[in-house]
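J.: Below you will find the structure I want to go over with you.
The values are calculated or read from the model by the stated rules, or taken from the named source; none is laboratory data. Note that the coordinates shown come from a computational prediction; the quantities given were computed from them, not determined experimentally. Positions of Cβ are generated from backbone atoms using ideal geometry, with glycine treated the same way; all protein chains shown enter the neighbour counts. Surface areas here come from the heavy atoms of the whole protein model, side chains and all, with no ligands, DNA or RNA. Shrake-Rupley method; radii C 1.70, N 1.55, O 1.52, S 1.80 Å.
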Amino acid sequence: MNRTKIEWTRGQSGEPGYSWNPIRGLCPEDCKLPDGKSYCYARRLYQRFGLDPKLRFDYKELVAPAAILKPARIFVCSTMEVFHPRIPEAWRMEIFNIIASLSSLTFVVLTKHPENITKATPDNVWLGVSVTGIEDWDERVRALARAQARVKFVSIEPFLGTTPMIGKENNLDWLIIGRLTGHGRARDPEPHALGWLVLQAKKLGIPIFLKNNLKDIWGGDLIQEYPHV
C-alpha cells in the first residue's frame with residue numbers, strides 16, 4: 001500500500017491518502033476514447049515498467065490497511081476494476097471483509113461496472129461510478145442509485161465536454177471532475193460546459209471537487225469540497 005498524489009484521497013486538513021491494490025495484474029477493463037485510443041493510466045504504467053500482467057490476488061497487500069492507526073482515506077484498487085466480471089467474487093469478498101473490519105478508515109471504491117454490485121457496502125465505504133459525460137451517465141448513475149452505500153458519488157474524469165443533467169433522483173453526495181491528461185488539450189471541456197456542470201451540482205447542494213488539472217480551464221480558485229459525513 002502506498003501514499004498517493006490523487007488530490008481527492010487526501011483529508012480536508014491535508015492528511016495523506018493511500019492507494020490499496022490487493023488485486024495485481026493488468027486491469028481487464030479496456031478504457032477507450034471515441035477514436036479508439038486508450039486513456040487508462042494503469043495500463044500505461046504496466047507497459048512502461050514491464051510489470052507482470054497476470055491477474056492474481058496479493059494476500060500480503062490485503063492486510064496492509066490494518067497497519068494504519070489513524071483515520072485515513074484509502075482508494076481501493078486504484079489500478080484495477082474491482083467489479084469487472086473477470087474478477088472472482090471470492091476476491092471481492094476478501095476485500096470487503098477487511099474493509100468492514102477497519103471502521104476507523106474510509107475506503108473509496110470507484111467503478112465503471114456498478115451493475116455488478118450485488119451486496120450492501122460497509123458504512124465506511126464511499127462508492128462511486130466513473131463516467132465521461134452524458135453518454136455513460138444514465139446507465140451507470142441509475143445503477144449506483146440502486147446500490148446500497150452510505151456515500152455515493154460520481155467521478156467525471158475524463159470530462160469530455162458532453163454535460164449530463166444531474167437530477168435530485170440521483171441522490172449524489174459528491175461530484176469529482178477532471179480533464180483528460182496525457183493526450184494534449186484537444187479533448188478539454190469548454191469552460192461553459194464545466195460551468196454548467198458545476199452550477200447544476202451547486203443548485204442541488206452536491207459538494208464539488210475540481211481536480212488540479214482543471215485550473216487553467218476553470219480560471220479561478222478551484223472548488224475542492226468533500227462529502228458531508
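J.: Can you list the trypsin sites (Lys or Arg not before Pro) in region 63-112 that are in a DSSP coil and have 14 or fewer other beta carbons within 10 angstrom?
T.: Arg86
J.: Quick check for you: with a 1.4 Å probe and neighbouring chains kept, what is the accessible area per residue of region 17-123, in Å²?
T.: With all protein chains present, region 17-123 gives 51 Å² per residue.
J.: Over the chain, what is the relative contact order in whole percent, taking alpha-carbon pairs under 8 Å and six or more residues apart?
T.: Result for the chain is 14 percent.
J.: If you don't mind, another one. What does a probe at Leu204 reach in region 102-132, counting residues whose amide N is under 13 Å from the point 7 Å along Cα→Cβ?
T.: Correct set: 129.
J.: Still on this model: Return the aspartates and glutamates within reach of Lys112: Cα separation strictly under 19 angstrom, same-chain partners fewer than 8 residues apart disregarded; answer none if there are no such residues.
T.: Glu29, Asp30, Glu81, Glu89, Glu135, Asp136, Asp138, Glu139, Glu157, Asp173
J.: Per the helix-only calculation at 222 nm, which mean residue ellipticity applies to the chain, given -39500 (n - 2.57) for every DSSP H run of n ≥ 4 and division by its residues, nearest 500 deg cm²/dmol? Please list the in-between numbers first.
T.: Values: 6 runs with 56 residues, N = 229.
Calculated from helices alone, the mean residue ellipticity at 222 nm is -7000 deg cm²/dmol.
J.: Percent of accessible area on the chain owned by carbon and sulfur, 1.4 Å probe?
T.: Its accessible area is 51 percent carbon and sulfur atoms.
J.: For Met1 and Leu222 in one chain, what is 0.36 nm times their gap in residues minus the Cα-Cα distance, to one decimal in nm?
T.: So the chain would gain 76.7 nm between Met1 and Leu222.
J.: Need the full-extension length gain, Asp138 to Ala67, defined as separation in residues times 0.36 nm minus the C-alpha distance. One decimal, nm.
T.: Gain on stretching Asp138 to Ala67: 21.7 nm.
J.: May I ask for the distance between the Cα centers of region 180-218 and region 139-177, given as a whole number of Å?
T.: So the two Cα centres are separated by 14 Å.
J.: While we're here: What is the local net charge at Leu214, summed over the other residues whose Cβ is closer than 15 Å to its Cβ (Lys, Arg +1; Asp, Glu -1)? If you can, show how the numbers build up before the last one.
T.: Numbers: positive: Arg179, Arg185, Arg187, Lys211, Lys215; negative: Glu7, Glu157, Asp188, Glu190, Asp216, Asp221, Glu225.
Its environment carries a net charge of -2.
J.: Okay, moving on. Can you tell me which of 166-172, 193-199 comes out highest on packing, and rank the rest after it, using the mean Cβ neighbours within 10 Å?
T.: 193-199, 166-172
J.: Give the cysteines in the chain for which no other Cys Cβ lies under 4.7 Å away, or write none if there are none.
T.: Cys27, Cys77
J.: Moving on to the next point. Calculate the dipole size of the chain relative to its Cα centre from +1 charges on Lys and Arg beta carbons and -1 charges on Asp and Glu beta carbons; express the result in debye to the nearest 20.
T.: 400 debye
J.: Same structure, new question: Scan region 184-229 for trypsin sites (Lys or Arg not before Pro) in coil per DSSP, keeping those whose Cβ has at most 12 other Cβ atoms within 10 Å, and list them by number. Present the calculation step by step, with values, prior to reporting the outcome.
T.: Working: sites: Arg185, Arg187, Lys202, Lys203, Lys211, Lys215; in loops: Arg185, Arg187, Lys211.
Hits after loop and neighbour filter: Arg185.
J.: Rounding to the nearest 20 debye, state how big the charge dipole of region 1-104 is about its Cα centre with +1 on each Lys and Arg Cβ and -1 on each Asp and Glu Cβ.
T.: 300 debye
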